[in-house]
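Enquirer: Encoded as structure tokens, here's the structure I'll be asking about.
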Amino acid sequence: MYAVILAGGGGTRLWPLSRPERPKPFLPLLGGETLLRRTAERVRLLVGWEGIYVVGDMAHLPLVREQLPDVPPENLLGEPLGRNTAAAVALATTTFERPDDDVMLVLPADHHVASEELFRSVIDAARRIAEGAEPDWPAPLVTLGIQPTGPETGYGYIVPDQSSSRDLLGVRAYRATGFVEKPDRARAETLVGTPGAAWNSGIFLGRRSTFARLLERHAADILEPIRAAGADPERLRELYPTLRETSFDYAVAEPAGREGDIVVIGMDVGWSDLGSWAALLGVLAGQDGAVVRRGRAEDLDSRDVLVESAGNRLVVTIGLRDTIVVDTPDVVLVCARDRAQDVKTILQHLAAIPAGAVAEPER
């Protein structure tokens, strides 16, 4: 087995701390180590440093080298620009030279896992299933599902075939029948009430040949041009802007699930994708009512508040409830905790404002 860490993406929901020049994977959001470094350490005991590969933005490769000096330089691959995870997985599948029957573990660089030893034991069981340990499931693509704790609209969901559920290699496994990407509130509430439904972790395992087969079947328009370009940087620069921008989940997992090619393993390891300030508060707080203060910050009588002070100023909060405050040298963000997913929306709005202009208030 080898691990491909996807270190792309802009981390826009963690703006203004996460920026294009240093997005979420390269930030020490949970302590001294960056999320990328923590992810690499998590899988190193399974595959060794030489078995870790990274796909990320070409502009961020110096950051990757700085944070993962033990990973061989030839295991680092830069994309000319981000085209979402389908292109990144296709590039990893075709470019990294590994035997076709090796199991490729694909995982994002920016997730949190509280129980890392249990996580590795689940990955080991998933590896054996991906190799074809279950006769009824010959070398499937395996993904890890997370038990939902509520109707979260920022996550994708996996819909199970309950009739296929079984205990296998110490884990609960079943075939997926469908994937639902970031549903609205009403749909999320329905999914949470569906027996066996899980959050989609975005972590996949399969033989290299399995990834190639499913990409050929469901995303040939992405795979074949990348395969033809090889690892030639100039050809990739010309090619990448023409590729369909879509996630691996949309392009491959959804149609493969409908055809019975996806096996899901349930996983309860204290997982979070840290996809918003609210998610980060949930990981850091540890208990309801907590106030998390980082940097120069003081508080009086607040509850369920995160204060991220990175602007070299003292930030003082009083009597707040369910609020996110992020202070950086050039931007101060204040938002309701339940609107944290909208940070991406306001960032898009700000990007549309001409440089130097001030948005007029709505009338």
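Enquirer: Which members of the stretch 191-215 meet the condition of being open to solvent by 10 Å² or more (accessible area, probe 1.4 Å) and in contact with a strand residue (DSSP E or B) (Cβ under 7 Å, 6 or more places away or on another chain)? Talk me through it step by step, then tell me what you get.
Expert: Initial filter on the stretch 191-215 (open to solvent by 10 Å² or more (accessible area, probe 1.4 Å)): 192-196, 199-200, 202, 207-209, 212-213.
Listed by number, the residues that qualify are 194, 196, 199, 200, 202, 207, 208.
Enquirer: Would you call residue 82 modelled with pLDDT under 90 and surrounded by fewer than 21 Cβ atoms within 10 Å (Cβ to Cβ)? I'd like the intermediate steps shown before the answer.
Expert: Values: modelled with pLDDT under 90: yes; surrounded by fewer than 21 Cβ atoms within 10 Å (Cβ to Cβ): yes.
Yes; evaluated as a whole, the condition is true for this residue.
Enquirer: Out of 6, 61, which single residue is open to solvent by less than 50 Å² (accessible area, probe 1.4 Å) and either free of Cβ contacts under 8 Å to residues at least 40 places away in the same chain or of a type in the set (Phe, Trp, Tyr) (or both)? Full working, then the answer.
Expert: Details: 6 fails: either free of Cβ contacts under 8 Å to residues at least 40 places away in the same chain or of a type in the set (Phe, Trp, Tyr) (or both).
Criteria check complete, one pass: 61.
Enquirer: Any idea how many residues of the stretch 20-53 are outside any helix (DSSP H, G or I), open to solvent by less than 50 Å² (accessible area, probe 1.4 Å) and either among the aromatic types (Phe, Trp, Tyr) or out of contact with any helix residue (DSSP H, G or I) (no Cβ under 9 Å at 6 or more places or on another chain) (or both)?
Expert: First pass over the stretch 20-53, keeping only residues outside any helix (DSSP H, G or I): 20-23, 27-34, 48, 52-53.
Checking which are open to solvent by less than 50 Å² (accessible area, probe 1.4 Å) leaves us with 23, 27, 29-31, 34, 48, 52-53.
Then drop every residue that is not either among the aromatic types (Phe, Trp, Tyr) or out of contact with any helix residue (DSSP H, G or I) (no Cβ under 9 Å at 6 or more places or on another chain) (or both), which leaves 48, 53.
Adding up the residues that qualify gives 2.
Enquirer: Consider only pairs whose beta carbons are under 6 Å apart and that are at least six residues apart or on different chains; among these, list those whose first residue lies in the stretch 335-347 and is farther than 11 Å from residue 281 by Cβ and whose second residue is among the hydroxyl-bearing types (Ser, Thr, Tyr).
Expert: 341/276; 344/12; 347/12
Enquirer: Are any residues in the stretch 230-254 at negative phi, open to solvent by 20 Å² or more (accessible area, probe 1.4 Å) and of a type in the set (Gly, Ala, Ser), and if so, which ones?
Expert: Result: 231, single match.
Enquirer: In the stretch 255-313, which residues are closer than 30 Å to residue 216 by Cα, crowded, with 20+ Cβ neighbours inside 10 Å and more than 18 Å from the chain's Cα centre (by Cα)?
Expert: Once the filter is applied, which keeps residues that are closer than 30 Å to residue 216 by Cα, crowded, with 20+ Cβ neighbours inside 10 Å and more than 18 Å from the chain's Cα centre (by Cα), the stretch 255-313 yields 256, 257, 261, 262, 263.
Enquirer: Take the conditions at pLDDT 90 or above, among the small types (Gly, Ala, Ser) and in contact with a Phe, Trp or Tyr (Cβ under 8 Å, 6 or more places away or on another chain) and apply them to residue 336. Does it pass? Spell out the reasoning first.
Expert: Values: at pLDDT 90 or above: yes; among the small types (Gly, Ala, Ser): yes; in contact with a Phe, Trp or Tyr (Cβ under 8 Å, 6 or more places away or on another chain): no.
So residue 336 fails the test.
Enquirer: Identify, please: which residue in the stretch 114-170 is assigned to a strand (DSSP E or B) and surrounded by fewer than 19 Cβ atoms within 10 Å (Cβ to Cβ) and is, among those, modelled with the lowest pLDDT?
Expert: Taking the stretch 114-170 first, the residues assigned to a strand (DSSP E or B) are 141-146, 157-160, 166-168.
Add one more test, that the residue is surrounded by fewer than 19 Cβ atoms within 10 Å (Cβ to Cβ), and what stays is 159, 166-168.
Details: 159: 85, 166: 67, 167: 69, 168: 61.
This residue is 168.
Enquirer: Is it true that some residue in the stretch 103-113 is open to solvent by 50 Å² or more (accessible area, probe 1.4 Å) and either under 22 Å from residue 272 (Cβ atoms) or at pLDDT 90 or above (or both)?
Expert: Step one: of the stretch 103-113, the residues open to solvent by 50 Å² or more (accessible area, probe 1.4 Å) are none.
No; the residues of the stretch 103-113 include none that is open to solvent by 50 Å² or more (accessible area, probe 1.4 Å) and either under 22 Å from residue 272 (Cβ atoms) or at pLDDT 90 or above (or both).
Enquirer: What are the residues in the stretch 54-88 that are part of a helix (DSSP H, G or I) and of a type in the set (Val, Ile, Thr), if any? Let's see the steps before the verdict.
Expert: Filtering the stretch 54-88 down to residues part of a helix (DSSP H, G or I) leaves 58-67, 73-75, 85-88.
64, 85, listed by residue number.
The values are calculated or read from the model by the stated rules, or taken from the named source; none is laboratory data. Nothing here was measured: the structure is a model prediction, and the numbers come from that model. No Cβ is skipped: glycine too gets one built from the backbone with ideal geometry, and neighbour counts run over all protein chains shown. Areas reflect the complete protein model, heavy atoms only, side chains present, ligands, DNA and RNA absent. Shrake-Rupley method; radii C 1.70, N 1.55, O 1.52, S 1.80 Å.
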